[in-house]
1. Given the structure, is A:Ala157 under 25 Å from the mean Cα position of the chain (by Cα), free of Cβ contacts under 8 Å to residues at least 12 places away in the same chain and not in a loop (DSSP other than H, G, I, E, B)?
2. Looking at the stretch A:89-118 only, could you name the residues that are exposed (fewer than 14 other Cβ atoms within 10 Å of the Cβ) and more than 28 Å from A:Leu44 (Cβ to Cβ)?
3. Just the residues that are within 11 Å of RNA strand B (Cβ to nearest atom), acidic (Asp, Glu) and closer than 28 Å to A:His27 by Cα, please, taken from the stretch A:81-118.
4. Hey, can you tell me all the residues within the stretch A:9-52 that are more than 29 Å from A:Gly118 (Cβ to Cβ) and either among the basic types (Lys, Arg) or in contact with a His (Cβ under 7 Å, 6 or more places away or on another chain) (or both)?
5. Which numbered condition in (1) among the charged types (D, E, K, R); (2) within 18 Å of A:Ala95 (Cβ to Cβ); (3) more than 7 Å from RNA strand B (Cβ to nearest atom); (4) more than 30 Å from the chain's Cα centre (by Cα) is the only one that A:Arg42 fails?
6. Of the conditions (1) more than 8 Å from RNA strand B (Cβ to nearest atom); (2) in a helix (DSSP H, G or I); (3) not hydroxyl-bearing (Ser, Thr, Tyr), A:Gly24 fails just one. Which one is it?
7. Considering only residues that are of a type in the set (A, V, I, L, M, F, W, C) and open to solvent by 50 Å² or more (accessible area, probe 1.4 Å), look in the stretch A:164-191 and name the one that is nearest to the chain's Cα centre (by Cα).
8. Is it the case that the stretch A:290-300 has a residue that's more than 27 Å from A:Arg378 (Cα to Cα), assigned by TED's automatic domain parsing to the domain that holds A:Leu240, out of contact with any strand residue (DSSP E or B) (no Cβ under 6 Å at 6 or more places or on another chain) and open to solvent by less than 40 Å² (accessible area, probe 1.4 Å)?
Amino acid sequence: MHDLKLLRERPDALAAGMARRGKGDVHAPALARAAALEAERRRLIVAADERKAARNAVTAEVAALKKARQDAEAPMARSRALGEEIAALEAELAALEAALGDLLLGLPNLVVDEVPAGDETANAVVKSWGTPRPADEAHPHWVIAETLGLLDLPRGAKVAGSGFVAFRGVGARLVRGLMQFMLDLHTREHGYEEVWVPFVVNRQAMIGTGQLPKFEDDMYAVPGEGLFLAPTAEVPVTNLHRDELIDAGDLPRALCAYTPCFRREAGAAGKDTRGLLRLHQFDKVELVRYETPETARAALEALTRHAETVLERLELPYRRVLLAAGDTGFASAMTWDLEVWSPGTNKWLEVSSCSWYTDFQARRMNLRYRPAPGEKPRFVHTLNGSGLAFPRTIAALLEHHRQPDGRVRVPDALRSYLGADHLG
RNA sequence: GGAGCGGUGGCCGAGAGGCUGAAGGCACCGGUUUGCUAAACCGGCAUACGGUGGUAACGCUGUAUCGCGGGUUCGAAUCCCGCCCGCUCCGCCA
């Protein structure tokens, strides 16, 4: 959500910013319409406010007359007439603001200057870590996992459909171990507060972080309840402080949470569907930060390092990719993806997306802070990133640490959680 | 699911048709006093959206806001209806 003042005073800047996302002027009609509605909105406010002021004056007259026990019928009639005009203007205003709100909620965030313009072909690898194991397409993770009995794809599909998986035995324990390992790392070494949150969220929360209204088709809805299965912990965790005014002394705040994530992936049928690459339900530990505008950029680097540390401890080669404007998510102003190397599929797999939302989400959530006593509230800057998503991490782990004897070496960091140094 | 009670500013808490953007307190800010701190005293202290003046910080001004949405009324924090949330009790339940 953008500041209406920006729409009014710098519509060109808004349009230019949207254009950097590389999809031509797709937002130009909405911007033009929003600007027109905004002008009309002000006209209606002025008209309505004038009449309200008049009514308030008339009402005071009535009170004075009544107190003096005099006839007040004339001002009462005037007030009634004003009331009807006000009601008509307000009805018009409400309809207009609803339309304007819909338009504004559908406009993406502006990216910051250091984000390259263009589509995903302009994405830039800014960092690499580790030595990727040569491609070994004979041993993709789904083969390794089924051979070792970690994963039961057919039975997952049996109970919920394709895109839902069952882990078994040591595989299930691996999931639990990853959850504990990641939460321990972020809480003990990176200073995050662990939270455990609802896995379903209401519509307002989904609007707050930007999933709605635009991406409703990708979400699982709970019929009749007005609820959605959380597509990422970003939604329940970031919305925890919705509609709050935070003391500056309480910033920054760093929260981390494990949650399952549910995504319909409505437009993705047939793409990367083997094994653990793309699921309707998966697990993730998420990092969320509330920052001031001054600290937010540095916090994005810090949060991304926290996610990278997970990969380093798991001894998995990865690279950091700065997303170009056109590939940057709807609500994000800047995103670094972390991609882990998957020798079994000969691909880099996205396992984390670390984003800085500037004040875009905070406006939608009405999440503010007071910089100093006596100063006016400002919107908080929000950030989040996976630290990490489990399935692709597991895929890379199995493929990368597979030994010639077919067993999988467990990295040191994970051994105490699994109680074993090998799988299989 | 049923019954009762409640939701007021950053926080606590009065108010029960007009004099209430809202008493009082806490917190916070400025000042007086003070060896320092504390205390005491004086003053200040909501937000949003408009209009207007200023490069701006901000000033002046209007409107709205007492959980949300409707209604009654010349006028609603206050009365009525619906909804949401919280607490207590009952029922059901892992």
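The values are calculated or read from the model by the stated rules, or taken from the named source; none is laboratory data. Note that this is a predicted model, so its numbers are computed, not measured. Here the Cβ positions follow ideal geometry from the backbone for every residue, glycine too, while neighbour counts run over all protein chains shown. Surface accessibility is based on the protein's heavy atoms, side chains included, excluding ligands, DNA and RNA. Shrake-Rupley method; radii C 1.70, N 1.55, O 1.52, S 1.80 Å.
1. No; evaluated as a whole, the condition is false for this residue.
2. The answer is A:Asp113, A:Glu114, A:Ala117.
3. Correct list: A:Glu97 only.
4. Selection gives A:Arg41, A:Arg42, A:Arg43, A:Arg51, A:Lys52.
5. Looking at each condition in turn, A:Arg42 falls short on (3).
6. Failing condition for A:Gly24: (2).
7. Restricting to residues being of a type in the set (A, V, I, L, M, F, W, C) and open to solvent by 50 Å² or more (accessible area, probe 1.4 Å), the top hit is A:Phe167.
8. no
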